[in-house]
1. Is there a residue in segment 61-83 that is among the hydrophobic types (A, V, I, L, M, F, W, C), farther than 20 Å from Val184 by Cβ, surrounded by fewer than 20 Cβ atoms within 10 Å (Cβ to Cβ) and within 19 Å of the chain's Cα centre (by Cα)?
2. Do you know which of the residues in segment 133-162 that are of a type outside the set (D, E, K, R) and touching an Asp or Glu at 6+ places or on another chain (Cβ under 7 Å) is modelled with the lowest pLDDT?
3. Could you check Pro66 against (1) in contact with a strand residue (DSSP E or B) (Cβ under 7 Å, 6 or more places away or on another chain); (2) modelled with pLDDT under 90 and say which number it fails?
4. Which residues, counting only those in segment 87-125, are within 18 Å of the chain's Cα centre (by Cα) and not in a strand (DSSP E or B)?
Amino acid sequence: MRVRRSIFGEGAVRFAWLGRAVPAMVMGLILSAAAIPLAAQDKKDSDANKSDNDSVGFIASKNASPKDIGLPLYPGSRRHKDDSDDSSSVQLGAWGGSYGFKLLVLKMESDDAPEKVAAFYGKALSKYGKVLNCSGAGTSEKQKSSSGLDCDSDQPEKGETVLKSGTKDMQHIASIKANGSGSVYDLVFIEAKGSEKDK
């Protein structure tokens, strides 16, 4: 899955990069705050309660829950760490005014086969709309939902099943692959506020 390769590096999801990314995110947020009109920053407290469009903030945490991601855990699964110093989850977000993003990842493992886990998440993802299967060669070009979600940017690893549902601006993703006789799976939530279509 390309999200994993571009953000987490080649191979398994690792969160060691989080320590290096936080200073860059902080600098980006400081620059974003400077871009917000001063008038928006000077509003009185009563006006601030009326609208959330004037706030600026960020979050970088090693805590993400199934509730935050919007998907249940596969029964009997447990958190997965590739190394003892890795985290099994991450939550990143930044916002300023009406723009922002949120990324949550939870890495789990199960003793059950990838096919069983994939079937479970195919059903769980259906509550967000059409479930796209972005696995295998050629499927990315054909898969698209009526809400604009597609598989164009997904490049799953060999043997990996990538299922997604939602919209371009609010995606729920389950990525499942074999791990010995069981499975390792990632649950991902991506939200992008203030996209091009909102302008």
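1. no
2. Among those that are of a type outside the set (D, E, K, R) and touching an Asp or Glu at 6+ places or on another chain (Cβ under 7 Å), it is Ser140.
3. (2)
4. Ser87, Ser88, Ala118, Tyr121, Gly122, Ala124, Leu125
The values are calculated or read from the model by the stated rules, or taken from the named source; none is laboratory data. Computed from a predicted structure; not experimentally measured. Note: ideal-geometry Cβ built from the backbone for every residue, glycine included; neighbour counts use all protein chains shown.
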